[in-house]
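The values are calculated or read from the model by the stated rules, or taken from the named source; none is laboratory data. Worth saying up front: this structure is predicted, and the values here are computed from it rather than measured. Cβ coordinates were reconstructed from backbone atoms using ideal geometry, including for glycine residues, and neighbour counts include every protein chain displayed. What goes into the accessible areas is simple: the full protein's heavy atoms, side chains included, and nothing from ligands, DNA or RNA. Shrake-Rupley method; radii C 1.70, N 1.55, O 1.52, S 1.80 Å.
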Amino acid sequence: MILILGGTSDSIIIANRIIKFSNDVILSCATEYGKEVASKSFDGGIIYGKMDDIELTKYCVDKGISIVIDATHPYAKQVSENAIKACKAIDIEYVRYERPLIEKDEEKYIYCYSYEEAGKTIDRLQGNVLITTGSKDVEHIINEIKDKSRAYIRILPQSGNIQKLEGLHVLPDQIIAMKGPFSKELNVAIMNSIDCGIMVTKESGSRGMIQEKLQAADVCNVKVIVIGRPKINYPKVFGDMDDMINYIKGKTA
């Protein structure tokens with residue numbers, strides 16, 4: 001049995017490709033919303049809910065999981081570390097699919113390696129800021145900005161996300177609750193509407209539509225802060241999806 005840790009568009013593609021040669025596939029999503037999205041494109045087994053390493057270990061034993069494919073978001077550090085621990089504990093295979101990075105350009109963009117560092121960098125710069133990193137960990141950015149009225153946060157339009165921002169004293173007109181994908185043109189419109197001077201993004205890769213954000217920033221002459229990916233020592237990692245699928249196919253043959 002193969003368990004795919006998902007929550008990304010990549011994970012749904014991987015699940016659909018693997019189910020063509022193996023019916024023993026379960027796709028795991030962190031949230032009910034993630035399950036709903038996945039179920040529109042994947043007809044196989046789907047579960048949802050967060051598990052720590054102990055819970056994941058038990059689940060893998062109970063379900064007879066032999067391979068765990070980690071196709072979570074590049075910034076889901078805790079999930080990946082839990083999966084690595086669980087696989088090591090019961091001696092099953094862990095395989096990571098990692099979205100390819102965009103080419104790094106330190107002359108053009110400002111790179112930070114924590115949310116706090118990004119917040120402190122914003123505080124030193126002038127202008128309104130569009131934060132496109134989502135609601136998770138956004139407080140670590142906002143809490144470092146003295147003039148919080150400068151911050152506009154783009155999030156999924158879910159009540160929990162909005163309540164979190166309200167708890168951080170973010171005003172309603174600073175909350176951009178929208179579901180992507182966001183084209184270059186839409187990003188330009190949003191940046192212009194808030195008189196944006198700075199944008200914060202994660203290094204999410206092409207499927208995270210980072211290029212559309214960067215292109216919009218160029219058009220609007222907006223400074224870009226890129227939060228670098230967390231450093232994780234993956235036991236086995238693939239950056240090419242075809243290579244990973246062929247590897248899994250060989251394991252299940």
Q) Which trypsin sites (Lys or Arg not before Pro) in the stretch 26-108 pass both tests, a DSSP loop state and at most 16 other beta-carbon atoms within 10 Å? A) 40, 50, 104, 108
Q: Take residue 21, project a point 7 Å from its Cα along the Cβ direction, then tell me which residues of the stretch 66-93 have their backbone nitrogen under 20 Å from it.
A: 66-71, 93
Q. Between residue 1 and residue 143, what is the FRET efficiency for a Förster distance of 51 Å, r being their Cβ-Cβ separation, to the nearest 0.05?
A. 0.75
Q: Using the Cα centre as the reference, give the magnitude of the dipole from point charges on the C-beta atoms of the chain (Lys, Arg: +1; Asp, Glu: -1; all else neutral), rounded to the nearest 20 debye.
A: 160 debye
Q. Label residue 43 and residue 242 with points 7 Å out from Cα along Cα→Cβ: what is the distance between them in nm?
A. 2.6 nm
Q | DSSP-assigned coil residues among GluC sites (Glu not before Pro) in the stretch 94-171, each with at most 15 further Cβ atoms within 10 Å | A | 103, 106, 107
Q. Given that just one value was derived from the coordinates, which of (1) 1.00; (2) 1.07; (3) 0.94 is Cα Rg over 2.2 N^0.38 Å?
A. (2)
Q: Obtain the nm distance between the two label points defined at residue 63 and residue 195 by a simple spin-label model: each point lies 7 Å from its Cα along the Cα-to-C-beta direction.
A: 5.1 nm
**Q.** Gain upon complete extension [residue 168, residue 253; 0.36 nm per residue less C-alpha separation]
**A.** 25.4 nm
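Can you send over the carbon and sulfur percentage of the accessible area for the chain, probe radius 1.4 Å, protein chains only?
Carbon plus sulfur share of accessible area: 49 percent.
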Q: Leaving ligands, DNA and RNA out of it, work out the accessible area of residue 73 with a 1.4 Å probe and give it in Å² to the nearest 10.
A: 60 Å²
Q | Where trypsin sites (Lys or Arg not before Pro) fall in DSSP loop in the stretch 151-253, at most 14 other Cβ within 10 Å | A | 179, 231, 236
